[in-house]
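The values are calculated or read from the model by the stated rules, or taken from the named source; none is laboratory data. Here the structure is a predicted model, which means the values were calculated and not measured. Here the Cβ positions follow ideal geometry from the backbone for every residue, glycine too, while neighbour counts run over all protein chains shown. The protein model used for the area step is the full one, side chains on, heavy atoms only, and it has no ligands, DNA or RNA in it. Shrake-Rupley method; radii C 1.70, N 1.55, O 1.52, S 1.80 Å.
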Amino acid sequence: MTENLSRRLFLRGTLVTASAVAVGGLVSLSGSALAANHTVPVINYGPIAGIAKLNANENPYGPSPDAMKAMMLATAKGAYYAAEPYQVLVDMIAEKNALSKTQVSLSSGSSGVLSYAAIAASNKGQILGPDLFWDTTAQAPQRMGREKIKRIAKTADLSIDLDALYAAIDSNVATVHVTNPNNPTGQLLDARKLREFCIKASKKTLVLVDEAYNEVTDMPETNSMVSLVREGHNVIVAKTFSKIYGLAGMRVGYMLASEENTNDINRYSLGGYAMNQAGLAAAIASYNDDAFLKMSKSKIVEGREMVVDAVKANGLIALPSSTNFVFVDLGKGNAEIFRQKMEEQNVLIRGIYRDYTSWSRVSMGMIPDVQKYVNALPRALEQTLALS
């Protein structure tokens, strides 16, 4: 594995001659003087062969062919900072969303802008969120010694209670964080109710909507809150190229907000200096590639249906998902034990989230890998229940 490569082994010769590379209509590098006598390290840029990696909500159907062509061209200019492609992508996003360029901010994945937003909020008060949501970035201030996230109480069906969230807004709440669809539950809020909540809540505080999985939903435009940014409400929306576009490893995300909110949050950002040529090139090539997005979504849905059917066949239930992952209730089973038993069968999934000990999240992957999950499920479940 990659982590087992030491510098000593690297220097001693765990290198191979660069192989021929040809993408689409690009010229192969194998015959060039540069490639002939140069070597590259043998490392894994993705899952190890034979391992079903279903633990990180990655989309293995990307990058798209156009994105790969664009990345090949961009890496040839990797010696230069990515100022121009940064601005090109900003312009594209602004035009598509009918916003000004000053309302768009890019970062290394949406994790960047989400972390900047959390840090900016912590200067004014607390971050308020559901009991269970993707809180890694929202915890950025906490890791700096600032206040912990203020969470509303659990709900029986693990949904986000918008009424309770609104009622919890007080003078110390600087930002309300809503992930829609939510992670790890996969649940999608009703668009009309979320819109009403955002308008009402934004009169009291800043509302942040993380839409990392929006493009996977059945009606992305209806479910998105970007229109509220256009209308001037105190709402910011974060999006990413990591999911439906299949560019998680290329690290490109963005935020849409008012110019005032953008400037406030960008005080903690490095802007274009945090971006890379290849990632931006891939994002630019992918952004309006509707054919790829349609194909990618169809594969995600196909895998999701396979998982849901397998869950039911094994006497379990799963929450309805509008994402590229499924949250499965193991009943009396422990999710960490289940994760371990799945790993023994070369299937990687997530373990326990916070204190939700019986809930297990599985991401979609290539169909053969999803089938490995389906095949491994009965035995892993039996072993888990025997040990839980």
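Numbers at a glance
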item	result
Label-point gap, in nm, between Ala98 and Gln371 - each point 7 angstrom along Cα→Cβ	4.6 nm
Accessible carbon and sulfur surface of region 277-363 relative to its total accessible area, %, 1.4 Å	49 percent
DSSP-assigned coil residues among trypsin sites (Lys or Arg not before Pro) in region 237-326, each with at most 12 further Cβ atoms within 10 Å	Arg267
Accessible surface, the chain, averaged per residue in Å² (probe 1.4 Å)	47 Å²
Extension gain from Asn288 to Lys204, taking 0.36 nm per residue of separation minus the Cα-Cα distance	26.7 nm
Residue among Asn324, Asn172, Asn180 with the largest mean-square fluctuation in a Gaussian network model of the chain, springs linking Cα atoms under 10 Å	Asn172
Listed values (1) 51; (2) 58; (3) 43, entry calculated as percent of Cα pairs over 28 Å apart	(1)
Linear extension gain, Ser227 paired with Ala76, 0.36 nm per residue minus alpha-carbon span	50.5 nm
Arg267/Tyr166 FRET efficiency (R0 25 Å; Cβ-Cβ; nearest 0.05)	0.30
Asp355 paired with Ala386, simple spin-label distance in nm, labels 7 Å along Cα-to-beta-carbon	3.1 nm
Anisotropy class of region 158-309 from Cα gyration tensor, a/c 1.5 cut	oblate
Lysines with Cα under 17 Å of Lys297, excluding same-chain neighbours fewer than 8 positions away	Lys239, Lys243
For region 276-372, radius of gyration divided by Kirkwood radius, i.e. Rg to Rh on alpha-carbons	1.07
